[in-house]
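Let me begin by presenting the structure, written as structure tokens, before commenting on it.
The values are calculated or read from the model by the stated rules, or taken from the named source; none is laboratory data. Worth saying up front: this structure is predicted, and the values here are computed from it rather than measured. Reconstructed Cβ throughout: ideal geometry from the backbone, glycine too, with neighbour counts over all protein chains shown.
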Amino acid sequence: MASNPCDVGVLGAGVVGLTSALCLSRKGYRVRVVAKHLPGDKTLDWASPWAGAVILPASTEDERDVRMQKVAFNEFGALAKQGSETGVQAVQATEYWDDRQTVDRPWYADHLPGFRSLDKHELAPGTLCGNTFRALAVDPDVYLPWLMAQLQTRYGVEFVQREVTGLEQARGLLKCRIVVNASGNGARALACDREAIPIRGQTMLVHAGGCSTANRAFSEIRVRRGREYTYVIPRIAAPDTAIIGGIEQPGDLTTTVDQELRKDILRRTNEMTGGALRNVDLVRDVVRDVVGFRPGRASGFRIEREGKVVHAYGFGGTGYRYSYGAAEEVMRLVEVVTDCKPRL
């Protein structure tokens, strides 16, 4: 148990929890984190280590949503310039749609470098329209430990690795005045939120296997939106490898790898890349199969103050995209609590 009191306790060490701890620490709050799992732990109980973790924009006219996304692009963009030690890299990204003929000019057309709409001859087979631009890929195996180390060494944030069963237990354990509940899938029980629901995902970390076409395909992000949600995301820490997926299965808690889905993912990625992965072998070239559970919520993510608890969960597969924007909103809600000012 912590010996000295702190200003804010963060429950959860996934990307939203760690980023909230960072923004609060920057502001001058004394922060402590408690979590069942910490960066480096390889278990399906939490989602952040298994994320594709690409910072791709979502087209929307919601001003709050756009603001949160812009914060993430600015923050991760700055990290990409620091070098590979952060686990963030700027890469070319191409997005396709298979369920619409055209897409109105999105907000990010004026925000992301190199944005342009694709000509018809550039579209992937079976798709109807698309865009290309510079985006950001994040390797969780590098980024999460790096972020935790920054919190410890630069800001003196303490980490307590323990499972808690209630928000008040977390408050007592951390000796804090306010709790940030960034517990991901744990929020269903901890916040008594019946809308919180895990969303099963299955991906593969695949090696190019010396195939030049696969190497080229693994140098950029590609995503197909619509009926056949599919993506290829390069990994900065493992050259010539990429995460390929995907699937979203709300409420499915199956932890075993679906062999037929593996074949379907490879089929879809080959179709999207024009056969660039045709020589990839599902036995020889799969470095790791990944089954994970994204922390979803039926009505969308929740960032809300409830007394001296600030909730920040339910981001599904978009935790990295919204992490810094969510953390800024968390910080503003913490500031609302009049007796919880930073001690500079």
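Taking the range 175-200, which residues are in a strand (DSSP E or B) and either buried (at least 23 other Cβ atoms within 10 Å of the Cβ) or touching a helix residue (DSSP H, G or I) at 6+ places or on another chain (Cβ under 7 Å) (or both)?
Cys176, Ile178, Val179, Val180, Asn181, Ala196, Pro198, Ile199
So which residues in the range 125-168 are modelled with pLDDT under 95, in a helix (DSSP H, G or I) and surrounded by fewer than 16 Cβ atoms within 10 Å (Cβ to Cβ), if there are any at all?
Correct list: Glu168 only.
Test of understanding: among Ala276, Ala242, which residue is at pLDDT below 95, in contact with a Pro (Cβ under 6 Å, 6 or more places away or on another chain), surrounded by 16 or more Cβ atoms within 10 Å (Cβ to Cβ) and within 22 Å of Arg222 (Cα to Cα)?
None of the other options fit; the residue is Ala242.
Tally time: how many residues in the range 81-124 are part of a loop (DSSP other than H, G, I, E, B), without any contact (Cβ under 8 Å) to a residue 60 or more places away in the chain and hydrophobic (A, V, I, L, M, F, W, C)?
Within the range 81-124, residues that are part of a loop (DSSP other than H, G, I, E, B), without any contact (Cβ under 8 Å) to a residue 60 or more places away in the chain and hydrophobic (A, V, I, L, M, F, W, C) number 5.
What tally of residues in the range 304-331 results from selecting those that are surrounded by fewer than 23 Cβ atoms within 10 Å (Cβ to Cβ) and either assigned to a strand (DSSP E or B) or at positive phi (or both)?
Counting residues in the range 304-331 that are surrounded by fewer than 23 Cβ atoms within 10 Å (Cβ to Cβ) and either assigned to a strand (DSSP E or B) or at positive phi (or both) gives 6.
Small (Gly, Ala, Ser) and closer than 21 Å to Arg284 by Cα - does that describe any residue in the range 215-235?
Yes; the residues of the range 215-235 include at least one that is small (Gly, Ala, Ser) and closer than 21 Å to Arg284 by Cα.
When you go through (1) buried (at least 20 other Cβ atoms within 10 Å of the Cβ); (2) at pLDDT 95 or above one by one for Arg297, which number turns out not to apply?
Arg297 satisfies every listed condition except (1).
Output yes when any residue across the range 46-59 is surrounded by fewer than 18 Cβ atoms within 10 Å (Cβ to Cβ) and touching a residue at least 60 places away in the same chain (Cβ under 8 Å), and no when none is.
yes
So that you can scan it fast, the table gives a plain yes or no per residue for (1) farther than 28 Å from Asp252 by Cβ; (2) part of a helix (DSSP H, G or I):
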| residue | (1), (2) |
| --- | --- |
| Cys23 | yes, yes |
| Val34 | yes, no |
| Gly40 | no, no |
| Pro49 | no, yes |
| Phe73 | yes, yes |
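Of all residues being part of a helix (DSSP H, G or I) and either touching a strand residue (DSSP E or B) at 6+ places or on another chain (Cβ under 7 Å) or among the aromatic types (Phe, Trp, Tyr) (or both) in the range 1-21, which is farthest from Arg171 (Cα to Cα)? Just the residue, please.
Per the criteria, the residue is Val16.
In this structure, is Ala217 surrounded by fewer than 24 Cβ atoms within 10 Å (Cβ to Cβ), closer than 14 Å to Gly275 by Cα, in the same structural domain as Leu277 (by TED's automatic domain parsing) and at pLDDT below 90?
Against the criterion (surrounded by fewer than 24 Cβ atoms within 10 Å (Cβ to Cβ), closer than 14 Å to Gly275 by Cα, in the same structural domain as Leu277 (by TED's automatic domain parsing) and at pLDDT below 90), Ala217 does not qualify.
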